[in-house]
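The values are calculated or read from the model by the stated rules, or taken from the named source; none is laboratory data. Given the structure is predicted, the values throughout are model-derived calculations rather than measurements. Neighbour counts are summed over all protein chains in view; Cβ atoms, including those assigned to glycine, are modelled from backbone coordinates with ideal geometry. Surface areas here come from the heavy atoms of the whole protein model, side chains and all, with no ligands, DNA or RNA. Shrake-Rupley method; radii C 1.70, N 1.55, O 1.52, S 1.80 Å.
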Amino acid sequence: MAYYYPEPSHTFSEYLLVPGFTSEECIPDNVSLKTPLVKYRKGEEECPISLNIPMVSAIMQAVSNDTLAIALAKEGGLSFIYGSQSIENEAAMVRRVKSSKAGFVVSVSNLTPDATLGDVLELKQKNGFSTVAITEDATPNGKLLGLVTSRDYRITRMTTDISVREFMTPREKLITAPASTTLKEANDIIWEHKLNALPILDDNDHLLYFVFRKDYAEHKEHPLALQDADKRYLVGAGINSKDFEERVPALVEAGADVLCIDSSEGYSIWQKKTIDFIRERYGDTVKIGAGNVVDREGFRYLADAGADFVKVGIGGGSICITRETKGIGRGQASALIEVAAARDEYFRETGVYVPICSDGGIVFDFHMTLALAMGADFLMLGRYFARFDESPTNKLMVNGAYVKEYWGEGSNRARNWQRYDLGGKSDLAFEEGVDSYVAYAGALHDNVQKSLYKVKSTMCNCGVINIPDLQQNARLTLVSATSIVEGGYHDVTLRSTSSNV
């Protein structure tokens, strides 16, 4: 007969952390959130790729593009560029992230000398930047012919049809720096010559980057930025189990630091075939995550197949209706607890630590700490990041409030049938995701800092200052339905907003 689990599956909101002893060292400033991203062997000095914060962005059209990838890498996390687009477009997004060195900005506002002041103003309105590179072909890496900043024109004294070549600062009057210039050297040049922007050029006068005066303080604000040896931001990319033979080489060539199979269910031969291809062609040099699974058997299968990390969770996403349409899945907390035990068991047996990623089910910030305490090495978040300025979706006004669009990869809007590939027909027979809105929340930096401060504070309440100690020493308790009600405000009348001013 069928197997029945002896107890119901649980979600994060059914658990609470029990406080531990808080010593003098347990303050948020002392907490490290560094965590492994990919597998490593016992005895190695450190993991080949680690995150400085336990956050990665979901492989979704409404979440992970190059803009969000750069913003999240600055905070110490990693984005997985969505794979439900053409191979060329995904590779181009990866290249844009990898070309954005810390402090070195690829120009996004570019015109030719034949453009007009009206074009400059339109570009400024569109991008929000006052510095416009004038290149031979109006591309970010074209031959630099001049520069236009707000100091080069006066709207009240000039007509909008005047040619850019008549008021731009020409190349011969610009102070520039060669490609070999370090960020420190660039900032020294900026301060010495009182510049707002320093163009970085190659040997043929082609524009590579800008270094901006205003970014100097920003670099100091992001001490945890996730960078490679060349000071380029780290970035991941999503793949599927259908066109991996073409997609993987293109993403590797573009510079992706880690790949992840995007699938609604990972305990399948299709994921093993994808990993086998990568291992046969690249060995262990290409890092690949797999999933999603919800139990010990699923984890062991993908770990044995060679996955560098394993994602946990089916049906727990806010826009996911897999459980509703197919009746398959598991409560996120129960799935995570079992898979974490399987990971530790695998580590004891093989000496190989395979990190696990909790994907889905995070509604409140405290759920992040619970997931880490239950054994997650890092968290994959979709709705959380979709709310921010840096996500790729439109910001709209709906019913008097600002929102951003957010849709699932299993929705008709995404048409990501590869994610649900079972080796058969090549289209979506039914939806497993919805099309929705999420409340707009502002800038990624501000929100991530606030969320992680809560995580650090809670860890201090538990008496720990790093994630491994949290996983080892946390004490968790199931709570009753009545206790959940007790945990919120109750038996009071809230004051109105106006009365609190």
**Q.** Evaluation of VAL339 against (1) β-branched (Val, Ile, Thr); (2) surrounded by 24 or more Cβ atoms within 10 Å (Cβ to Cβ); (3) over 17 Å from LEU302 (Cα atoms) (one fails), failing number
**A.** (3)
**Q.** Search result, residues across the stretch 355-385 that are farther than 19 Å from ALA474 by Cβ and in a loop (DSSP other than H, G, I, E, B)
**A.** GLY360, VAL363, GLY382
**Q.** Within the stretch 246-260, considering residues that are among the small types (Gly, Ala, Ser) and under 17 Å from the mean Cα position of the chain (by Cα), the one nearest to SER79 (Cα to Cα)
**A.** ALA256
Q: Inspect all residues belonging to the stretch 22-37 and state whether any of them is part of a loop (DSSP other than H, G, I, E, B), of a type in the set (A, V, I, L, M) and out of contact with any helix residue (DSSP H, G or I) (no Cβ under 7 Å at 6 or more places or on another chain).
A: yes
Q: Would you mind telling me which numbered condition in (1) surrounded by fewer than 20 Cβ atoms within 10 Å (Cβ to Cβ); (2) small (Gly, Ala, Ser); (3) more than 24 Å from the chain's Cα centre (by Cα) ALA133 fails?
A: (1)
(Q) If a residue must be loosely packed, with under 13 Cβ neighbours inside 10 Å and assigned to a helix (DSSP H, G or I), how many such residues does the stretch 171-187 contain? (A) 3
Q: Would you point out which residue out of ARG323, ARG279 is surrounded by fewer than 21 Cβ atoms within 10 Å (Cβ to Cβ) and under 28 Å from GLY43 (Cα atoms)?
A: ARG279
Q) Which numbered condition trips up LEU17, out of (1) out of contact with any Cys (no Cβ under 8 Å at 6 or more places or on another chain); (2) not in a loop (DSSP other than H, G, I, E, B)? A) (1)
Q: Residue by residue through the stretch 136-146, note down the ones that are open to solvent by less than 50 Å² (accessible area, probe 1.4 Å) and either over 15 Å from VAL106 (Cβ atoms) or free of Cβ contacts under 8 Å to residues at least 12 places away in the same chain (or both).
A: GLY146
Q) Which residues, taken from the stretch 480-496, are open to solvent by 90 Å² or more (accessible area, probe 1.4 Å), among the aliphatic types (A, V, I, L, M) and assigned to a helix (DSSP H, G or I)? A) VAL485
Q. When the stretch 454-479 is examined, which residues are found to be aliphatic (A, V, I, L, M) and in a helix (DSSP H, G or I)?
A. VAL455, MET459, ILE467, LEU470
Q: Considering each residue of the stretch 110-127, count those that are open to solvent by less than 60 Å² (accessible area, probe 1.4 Å) and closer than 18 Å to ALA197 by Cα, and give that number.
A: 5
